[in-house]
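Asks: Here's a structure for you.
The values are calculated or read from the model by the stated rules, or taken from the named source; none is laboratory data. Fair warning: this is a prediction, and the values are worked out from it, not measured in the lab. Cβ placement follows ideal geometry from the backbone for every residue including glycine, while neighbour counts extend to all protein chains displayed.
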Amino acid sequence: MKKTLNFCKTKLLFTAFLLTNIALIAQSNQEISGKITSSTDNAPIPGVNVIVVGTSNGTTTDFDGNYQINAPEGSKISFSFLGFVTKTISVSNQTTLNISLEEDSNELDEVVVVGYGARKKSDITGSVSSVKSEELNAFPVADASQALQGRAAGVVVQSNNGGEPGAPISIKIRGNTSISASSSPLVVVDGFVGGTMPQAADIQSMEVLKDASATAIYGSRGSNGVILVTTKKGRQGKITVELNSSYSVQNTANKLDLLNAEDFVTYQQQIRTNNGNNTPYNDSGFDTDWQDLIYRTGNTQNHTLSFSGGTAKSNFYASGNYYKQDGVLINSGFEKATFLSNLDAQVTSKLKLGLNLYGSKSTKKGVATQSTGANGVGGGGDDAISLAMRFDPTKDITDTDGNFSTNDQIGDPVDNPYAVASQRTDNTKEDEFRANAYLEYEIIEDLTFKTTFGLSTRNTMQGIYVPSTLIVSASAVSGRASVENWKRSTALTENYLTYNKEIGKGKLTALAGFSYQRNLTERSLAQGTGFISDSFLYYGLESSTGFLQPESQYTEVEIQSVFGRLNYDLNDKYLITATVRRDGASNFSENYKYATFPSAALGWKISNEEFLKENKTISNLKLRASYGLTGNPSIAAYQSLALLSTLYASSEGETVPAVTAEQPANENLKWETSYQTNIGVDFGFLNNNINLSVDYYTIDTKDLILPNSGIPAYAGYLNDEILGNLGEINNSGFEISINTRNISNENFRWTTDFNISANKSKVLKLVNDADFFDDGTPSYFSHDRSTIMRVGEEVGLFWGLEYAGVKNGATPDGMAGRTGTTVDGDPLFVDIDGDGAITDEDRTIIGNPNADFNWGFTNNFVYKDFDLNIFFQGSSGGEIMNLTNVQLTNGDSNTTQDYFNNAWTPTNTNTDQPRVGNNSNREISSRFVEDGSYIRLKNIALGYNLPRNVYEKIGIENIRLAVSAQNLLTFTKYSGLDPEVNFFGSAGNNNQSTNTVNGFDFGNYPTVKSVTFSLNLKF
Amino acid sequence: MKKYKYILLLVGLSIVGCTDLVEKPLGTLAPDGFFQTSQDLQTAIEGSKTAAINEKFWGRKLSIALMLRSDMVNLQSTQERRVEMDQLTTLPTNGMISEYWIKSYQGITAANFAIKGAESLTDANKDEVVAQAYFMRAFYYFHLVRQFGAIPYLTEPVSDIDAALTISSTPASDVYAGIISDLEFAEANLPATTNAASIPSAGAASSYLALVYLTRAGNTPNSPDFTTALTYAQKVINLGNYSLDTNFQNLFNADAIDASPEPIFALDYNGVEASDNAYDQIAPMAGIRGDDRNDGGGWSVAVPTEDVFASFDPLDYRTEVSFDQEANIGGVLVDYNNFTISGHEHARNTPYIAKYARYPGFFARGSGRATSHNYSMMRYAELLLIAAEAAVETGDAGTATGYVNQVRARARLGGDYKTGADVPMTFAPSTVPADLATVTVDDVIEERRIELAFECKRWYTIARRQLGDQVFSASGYEGAKVGWDATVDYLMPIPNTEIEANPNLSQNPY
C-alpha cells in the first residue's frame, strides 16, 4: 500500500477549500458512512481522505477502510488517496456510500516537491528523482543520506570512512562539478536551505533535483544539485502511534591475510639479507593477530516512536528517534537522539500557520583511522586500521615493563594498534536545533503569500585525549589533550508570492520571492600537553604544563536573493518552465557581489496528443529539455580580502606576537558557474506497468577556482595558493530508470526498480592548461603527486610509474630500475623518456578511479502478508589505488601472504612481484592499481505482517516483523578489504580532495556486514 | 483590512534582511594601515625571524639538507628527497628544497613589509628597529644565493602579481651587492650588542659581512674581498664584545648557550610545539635509534661515517663533544659497536652526532623535538676562522695562525660534559690540538671542519672553495658520491614550480 505524500494531501485540502469557500451555505447535514476498498483486490484502504467539497469538513478512513462524515444533501464528497484515482460523489439522500477506488496505475498524478512549491510529476520539465520513505527505511542508517545509495539514478553516495559509526556521508549528483570547491549538493529540509538531514524514519520523501531547470531557483548554490527533504506531517483523522524498532549485529566484511610471527621474522631477515644489513631482527616471541585484537562484533539499535493526527483545521506529527551503534572497531561508537515535530494550523480561511521543530543530540566515539600521517606522530602511527596490518606480529600487546609495545625495529616508531584503538579518547558531541515557522496567506483568489523564518544552530565539541600510556605519541609529553568547539548558526527568511491562474487553455503558475540568509561560524581550540593524570581526559586543561597554541576564528556570510519562476502548461500538452535567481553574497569578491542564474525548460506530453491518446501500448510519453545556469559559491568568507596573518614567534625564550603577509586582495574572484543542458524522455507502457525514464545531460562548469600556479613562492605570501577563475570541466552522461510492475494480483505482487547512470567528468581547461596534481597518499609516504588533472582527460586520474615487472637478467630496452644500482628481483618501470633512468619524467597516467556505471537494482515481492526486498547495488569500471599494498610491500611493515609467497627470489624468478627489501620508497606505480568494480547485495529483507485478528482486540492496528541483511555478499576482483574506498590523502577529507582524490584505499574503517531484526507496531 | 497588516509585516521582515554585503572580518588583520608605530615593525620582524626556526627551514629541512650534502654525514633512511641530497642527485622536484625555498621567501616578504612600513613612520627609533629587517633579509638571501646562485631578488612586498610573474633571475653578483648593502644598513643602525644573540646586533651584521665577502671571494687568489672580509672580522674581534666559551660543550647545551659569550647570531627556540611546525627536529634526526634519552630516542637519519670519526683526534676534546660513542639502548649500556642491538633497520654501529641530542634543554615533543636550544648561526670561533682564512689569503699567515691557535687552545681546555649514555665526565686539559706554527688555507679549512663539525657549515665551505672533486672522491670521508658532478652540483636546482610559474627565471643545470 502506498503512503500518502503529505504535501499532496494538504495541498489538495487547501485548494479544495480555497476554490469553494464562497459556496458555504447552511444546509441540513446527514450522516454518511461507508467502506472504501481497492478495485484491484477489494482490500480496504485505510487513510483515505474524505472531504465534503468546499468545506473544511473532512475525515480519513480507519484501518478497515471505514469512514463517517456529515454532509449536506446536494454537496459533493471527494475520496482521495495517493496512488488511486480521486472520486467525487454527489450526495443525494443515501446514508451509506461504499466506494471502490481505482488504482491510479501511472503514479503521474503524484505530487513532487520542487523548490518553493510542488508540481504534479507529470508536469515536471526538469530532471527530478524521488525517493520514498520505504526505500529510505529499508535498513537502519545513522544518516538518511546513506539510504540514497543506489536509489536514484545519477546520485552516488559514499561514506567518507567505510563503516565508521557516524561517518560523514558524501553525495555527488552527476559527478563533481568543481575542483577546489565543494561538490556536495545543497540540502533543503522542509524549505530550510542548508538544514541537516532528519532521521530516515521522519522523512516522507526526498527529491533529488538534478538539472538546471530544477536547481537554478537555488542560484549560486545549485550547481551540485539539490536534495529536497520533506518530513512527515500529520493528517486528519484519528491519532496514529507508530513504533519502529530494529536491532542489528555487525561484523567486518573482510580481513587481510597477513604473515604470522614466524613468517614475519623470516621476511624481515630476508629483507636485511637482501640489503646487506647484518643487524638481526629481534623476534619478540609472541604471535599476535592485531586485526583480531581490534575488531569485535558490533551492533546497532534504532528506535522511532511517532504520533500523528489532526483535525480539519490542524494537524501534527511528532517523533522521537534513538540510534545507537557500537562499531566493529573496539572503542568506536555513535549515539544519537532526535526529535521532530511538524504543526500546521488553518487559522482563518485565508491564513495558515505552521512550525517545524527539529532537535538532536549525538555523541561519536571515534577511533583514529584513515591516517593522514600529519597527526603529530611520525610514520603514520596514528591509525588503528593500517597499524593493525603493519604492526610486528611477534610483539605482545604490552612489553615486559607492562607498557604498550611499540614498533621499534622497522621504520619510524609507532604505537601498537590495540593501544591506539583502546587508549585514545576522541569524542565528538553535537547538539542541533532548528525551528522554521511559516505563514501562508491568500491575498486574493489565486494569489498566496508565504513567508518563512527559521533559525538553526549546530554546536559541536570534539575532545581528544592521547594518554601517556601511548608510548610513542604521548608518553614523552605526559598526555596530550585538545578541545575544539564549533558553533554554527543560520538565520533564514524566505518570502514569496505564488500565483495560479487558468488562462484560456493554459495554466499559469508564477512565483516571485526574496530571501535573506546569514551564516555564522565560530570556532575555538584549546590544547595542551603534560597532565598530572590521564584520568582528566580533555578536561582540566588548566593543569597542562606544555603549551600548545590556542586558536579561535569567526566567520560570517550573508546571502540575499531574489528569485522567480514561471510555469505555463498549455492544453496539458506543452509545458514551459522558466526560473531565475539573483544572489548577492558577502563572501563574493568586491567586484562581483551579485550573480544571476536563469534557466528554461520545455516539456511535451506527446501521449496527450490525439495520435497517441488511444494507443494501448504507450500510455505515457513525455519529452523534456532544459538549459540553465547554476552556481557554486566556491569562495570562502574573507578569501578575497588582503590579509596579514598572525604567527607564533619566539624571542629571548618568550613567545611574542608576529605577523606576515597572508594573501593579497583578489577583487575579481568569481563564483563557479555551471551551464547545464538536460534532455529527457519519460515512457509509460502497458497502462504504465512499465515506466522508463532516460536523461542525457551535459554540464560545463566554467570559472573553476584554482590556485594560480602563476603565483610563485618567491612572492612570499603565507598562503601560497592565490586563486583565480581558471578552470573548466565538463560532466556528461546519461541516466536510466526503469520501474516495472511485473505481477500484481490479489495475493502476489512483484515490482522491480532499476536505475543506472554513467558520468564522464572531463577537464577542459586548467591554469595555462598545465597539468594539475594532487596527492592521495598519507604524508609519511613523502609523495606529492599521485593524481592528475590534465586537459582532455577525466578528473583525478592516478599518476605514477608504469610497472614493467621484475628484473631478471638484463634489463629489457625501454625499461629501467629506480635510481641507483638495480639487481635481479628489483622492480622495473617503463622508461618513458628513454634516458635509461627512472625519474619524474617517467611518470604517467596509470589508472582511472572514475566508475563507468553506477547502478541499483531492487525487487520487491509481496505474497499475502509476506514481503521480500532484494536490493543490489554496484559500480563498474573504476580503478583503485591500493595504498595498503604499497605500505605492506615497503618492507617496514608486516606483509600479505600473497607477497611473501610470490616475491622474487633466485629460485622463484617467474613472478611479477619484486624481491623483498627492494627499497620501494612506497613507490606509486601501476603495480598497485586494481579493478574496483563490484556488485553488492546491499540489502535483503523479509517482512511479515502478523494476521490482524491476533492483536486487533488490544487496539493494535498492525504488527510487522522483518529480518534483513546488509552487505551480505560482495562480488569484486579487488584484493583489498573493500572496493568502496575513501581515503583522501594527507589533506584529509576536504573540498578539493573529495573532488580530485578518488579511488585511494588506506586505513579506512572497514565496511560491515550486518543482520537486522526489526519490529513495526502501529496503534 | 486585516490581510494588509500581514503583508506589511512580511515586507517589514524582508527589509530587515537587507544588507550591503561588505565583509567585516574579526580576528584577522588587513595590511592597509597596519604599521603605526615601531612596535608594529617589530611584529613584522618577528614574522620574518620565525620563518627561520621553522621545521621547513633550520628546524629540519635546510639543516639536514646541508649536513647530508657535506662529506661528513651519511643518510641512514631511504627517503628519496634525502637520498637526492646525500648523493648530490638533487632534482628540481626535491621536497626539501621546495620547503625551505618557500620559508626563505616568507621570511624575506615579512622583512620587506617591515621595511616598506617603516617608510611612512616618524618614530625616532624606526631605523634601529627596521635594521633587524634588513639583517634578516640579508640572512635569507645569503642562504639562497649560496645554494642557487641567480635567484628572484625582491626588496619590496609583491603587490602586482602580474609584474612579479615576469621578473628575471637576479645574477648572484647583484644579489651579493644587495646582501652587502642590507648588512651595511644593519651594521650602521643596529646597537653594538643586544640582549640575546637571537636579536641581530651590529656585531652580527659585521660578522656576516665578513662571511659574505669571504664567500664572494671564493677561490679567487688576491680577491679584494678577502681584504674586506678580514677588515669586517677584525672589526668584531677588536671590539671585544664576543669571546670563546671556556667549555666547548657549552656551545651545544641549550641551558648554557644563552649565557655564553661566544654566539654572535642565533635562532630563538623556546620549547613550544608551535603550529605550522615552527619548531626544530634536528636532535632526533641525528639521534641514536632506541636511545633511552629524550623520551623516545633518535631516528638515525643523519649519521657520520666511521671515516669521519677516525679523522678526529681522540685526545681532542671536540671529539667527545661532537660524537656520542656510547648510549643506553633499552636499558643496556653499549658502545657504538653495538648500537644495532635496537634491532632497527636503520641502526648503525658508528658514533653519532652529539651536538644536538645531548643537551636539548626543555623540549615539548618526544624524541627531543621542539627544543629550547638556540642554535648558533654565527659564533666567535667561526669569526676567528673567517679572519684566519682571509688573513692567509691576504698574505698575513702570522695573524691567521694566531686566530687558529686561539680556537685550538680553547679545545685544549677540556671541560665538563656527559657521554651519550648520560654519564657525567670531565675532559682534562689536553695537549691536543697543539698550536700550529703556521697555517695554510687548507689548515684553516680543516680547522673549520673539526671545530664546526655538523653545524651545517661544511657544505658551504666545500662549495665556496670548490672542494667537491677532492672530498666526494673515493678517498673522501663518505667514499665516492655517485651523483657528484663538479659542473653542476655546487648549485642546486630551483624548485620546478617556480620555473613553471615564471619561465623567465633561469634554472641551474642539474
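Asks: Considering only residues that are of a type in the set (Phe, Trp, Tyr) and closer than 17 Å to B:TYR477 by Cβ, look in the range B:304-347 and name the one that is nearest to the other protein chains (Cβ to nearest Cβ).
Replies: Going through the qualifying residues, I end up with B:TYR336.
Asks: While we're on this one: Taking the options B:GLY331, B:GLY361, B:GLY368, name whichever one is over 23 Å from B:GLY271 (Cβ atoms) and either within 21 Å of the chain's Cα centre (by Cα) or small (Gly, Ala, Ser) (or both).
Replies: When all the criteria are applied, what remains is B:GLY331.
Asks: Moving to a separate point now. Counting only residues that are free of Cβ contacts under 8 Å to residues at least 40 places away in the same chain and either touching a Ser or Thr at 6+ places or on another chain (Cβ under 6 Å) or of a type in the set (Asp, Glu) (or both), how many does the range B:397-435 have?
Replies: Count: 2.
Asks: Would you be able to tell me the number of residues in the range A:82-100 that are within 44 Å of the chain's Cα centre (by Cα) and modelled with pLDDT of 80 or more?
Replies: Here the count works out to 4.
Asks: Then there is this: For the range A:832-845, does any single residue satisfy the condition of being β-branched (Val, Ile, Thr), over 30 Å from A:LEU937 (Cα atoms), touching a Phe, Trp or Tyr at 6+ places or on another chain (Cβ under 7 Å) and in contact (Cβ under 8 Å) with a residue 40 or more places away in the chain?
Replies: Checked against the condition, which is being β-branched (Val, Ile, Thr), over 30 Å from A:LEU937 (Cα atoms), touching a Phe, Trp or Tyr at 6+ places or on another chain (Cβ under 7 Å) and in contact (Cβ under 8 Å) with a residue 40 or more places away in the chain, the range A:832-845 yields at least one hit.
Asks: Pull up the range A:541-554, narrow it to residues that are touching a residue at least 12 places away in the same chain (Cβ under 8 Å) and of a type outside the set (Ser, Thr, Tyr), then point me to the one that is farthest from the other protein chains (Cβ to nearest Cβ).
Replies: A:LEU541
Asks: If you don't mind, there's one more thing I want to ask. Are any residues in the range B:118-134 surrounded by 24 or more Cβ atoms within 10 Å (Cβ to Cβ) and either of a type in the set (A, V, I, L, M) or within 14 Å of chain A (Cβ to nearest Cβ) (or both), and if so, which ones?
Replies: Answer for the range B:118-134, where residues must be surrounded by 24 or more Cβ atoms within 10 Å (Cβ to Cβ) and either of a type in the set (A, V, I, L, M) or within 14 Å of chain A (Cβ to nearest Cβ) (or both): B:VAL130, B:ALA131, B:GLN132, B:ALA133.
Asks: If you don't mind, another one. Sort out which residues of the range B:321-337 are in a loop (DSSP other than H, G, I, E, B) and touching a helix residue (DSSP H, G or I) at 6+ places or on another chain (Cβ under 6 Å), and write them in order of number.
Replies: B:GLN325
Asks: Additional query: In the range B:173-197, which residue that is aliphatic (A, V, I, L, M) and under 20 Å from the mean Cα position of the chain (by Cα) is nearest to B:SER98 (Cα to Cα)?
Replies: This residue is B:VAL175.
Asks: Just to check your reading of the model, which residue among A:GLY724, A:GLY710, A:GLY684 is outside the structural domain of A:LYS210 (by TED's automatic domain parsing), modelled with pLDDT of 90 or more and not hydrophobic (A, V, I, L, M, F, W, C)?
Replies: A:GLY684
Asks: What about A:ILE51, is it touching a Leu at 6+ places or on another chain (Cβ under 9 Å), at pLDDT 70 or above, closer than 24 Å to A:LYS350 by Cβ and not in a loop (DSSP other than H, G, I, E, B)?
Replies: In short, yes.
Asks: Moving on to the next point. Output the residue which, of all residues in the range B:29-44 that are facing chain A (nearest Cβ under 10 Å) and of a type outside the set (A, V, I, L, M, F, W, C), is nearest to A:PRO664 (Cα to Cα).
Replies: Per the stated criteria, the residue is B:PRO31.
Asks: Answer yes or no as to whether A:ASN678 is surrounded by fewer than 21 Cβ atoms within 10 Å (Cβ to Cβ) and either under 30 Å from A:LEU186 (Cα atoms) or at pLDDT below 95 (or both).
Replies: no
Asks: Would you check which residues across the range A:811-821 are crowded, with 18+ Cβ neighbours inside 10 Å and either assigned to a loop (DSSP other than H, G, I, E, B) or within 14 Å of chain B (Cβ to nearest Cβ) (or both) and list them?
Replies: A:GLY817, A:ARG818, A:THR819
Asks: A further question on this structure: Which of the helices (runs of 4 or more DSSP H) found entirely inside the range B:90-165 contain at least 2 residues meeting this: closer than 18 Å to B:ALA205 by Cβ and touching a residue at least 24 places away in the same chain (Cβ under 8 Å)?
Replies: Those helices (runs of 4 or more DSSP H) span B:97-119, B:126-148.
Asks: How many of the residues in the range A:617-664 are more than 10 Å from chain B (Cβ to nearest Cβ) and within 23 Å of B:THR43 (Cα to Cα)?
Replies: Selection size over the range A:617-664: 0.
Asks: If B:PHE57 satisfies every condition in (1) within 9 Å of another protein chain (Cβ to nearest Cβ); (2) buried (at least 23 other Cβ atoms within 10 Å of the Cβ) but one, which is the exception?
Replies: The one condition B:PHE57 does not meet is (1).
Asks: What are the pairs, 6+ residues apart or on separate chains, where a residue within the range B:186-202 that is within 14 Å of another protein chain (Cβ to nearest Cβ) has its Cβ under 9 Å from a residue that is surrounded by fewer than 19 Cβ atoms within 10 Å (Cβ to Cβ) and among the hydroxyl-bearing types (Ser, Thr, Tyr)?
Replies: B:PRO200/B:THR194; B:SER201/B:THR193; B:SER201/B:THR194
Asks: When you check B:SER367 against the structure, is it facing another protein chain (nearest Cβ under 9 Å), of a type in the set (Ser, Thr, Tyr), on the phi > 0 side of the Ramachandran plot and crowded, with 24+ Cβ neighbours inside 10 Å, yes or no?
Replies: yes
Asks: Moving on. Restricting to the range B:148-179, what's the tally of residues that are out of contact with any Ser or Thr (no Cβ under 9 Å at 6 or more places or on another chain), crowded, with 16+ Cβ neighbours inside 10 Å and away from chain A (no Cβ under 14 Å)?
Replies: So the answer is 2.
Matching residues to (1) surrounded by fewer than 16 Cβ atoms within 10 Å (Cβ to Cβ); (2) away from chain B (no Cβ under 14 Å); (3) assigned to a strand (DSSP E or B):
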position: A:ARG235; (1), (2), (3): no, yes, no
position: A:LYS238; (1), (2), (3): yes, yes, yes
position: A:ILE271; (1), (2), (3): no, no, no
position: A:ASN278; (1), (2), (3): yes, no, no
position: A:GLY285; (1), (2), (3): yes, no, no
position: A:ASP292; (1), (2), (3): yes, yes, no
position: A:SER308; (1), (2), (3): no, yes, yes
position: A:LYS324; (1), (2), (3): no, yes, yes
position: A:PHE339; (1), (2), (3): no, yes, yes
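Asks: Sticking with this structure for a sec: Would you point out the residue of the range A:648-666, among those that are surrounded by fewer than 20 Cβ atoms within 10 Å (Cβ to Cβ) and of a type in the set (A, V, I, L, M, F, W, C), that is nearest to the chain's Cα centre (by Cα)?
Replies: Among them, the one singled out is A:ALA665.
Asks: Let me ask something additional. Give, as residue ranges, the strands (runs of 3 or more DSSP E) completely inside the range A:709-810 that count at least 2 residues that are more than 30 Å from B:TYR100 (Cβ to Cβ) and within 14 Å of chain B (Cβ to nearest Cβ).
Replies: In the range A:709-810, there are no strands (runs of 3 or more DSSP E) which contain 2 or more residues that are more than 30 Å from B:TYR100 (Cβ to Cβ) and within 14 Å of chain B (Cβ to nearest Cβ).
Asks: Of all residues being within 25 Å of A:TYR516 (Cβ to Cβ) and touching a helix residue (DSSP H, G or I) at 6+ places or on another chain (Cβ under 8 Å) in the range A:195-226, which is surrounded by the most Cβ atoms within 10 Å (Cβ to Cβ)? Just the residue, please.
Replies: A:SER223
Asks: Then there is this: Residues of the range B:302-314 being touching a strand residue (DSSP E or B) at 6+ places or on another chain (Cβ under 9 Å) and surrounded by fewer than 24 Cβ atoms within 10 Å (Cβ to Cβ), which ones?
Replies: Residues satisfying the conditions are B:THR305, B:PHE309, B:PHE312.
Asks: Restricting to the range B:276-301, count the residues that are surrounded by fewer than 24 Cβ atoms within 10 Å (Cβ to Cβ) and part of a helix (DSSP H, G or I).
Replies: Residues meeting the conditions: 2.
Asks: Something else now. For the range A:555-564, indicate whether the set of residues that are within 30 Å of A:TRP671 (Cβ to Cβ) and away from chain B (no Cβ under 11 Å) is non-empty.
Replies: yes
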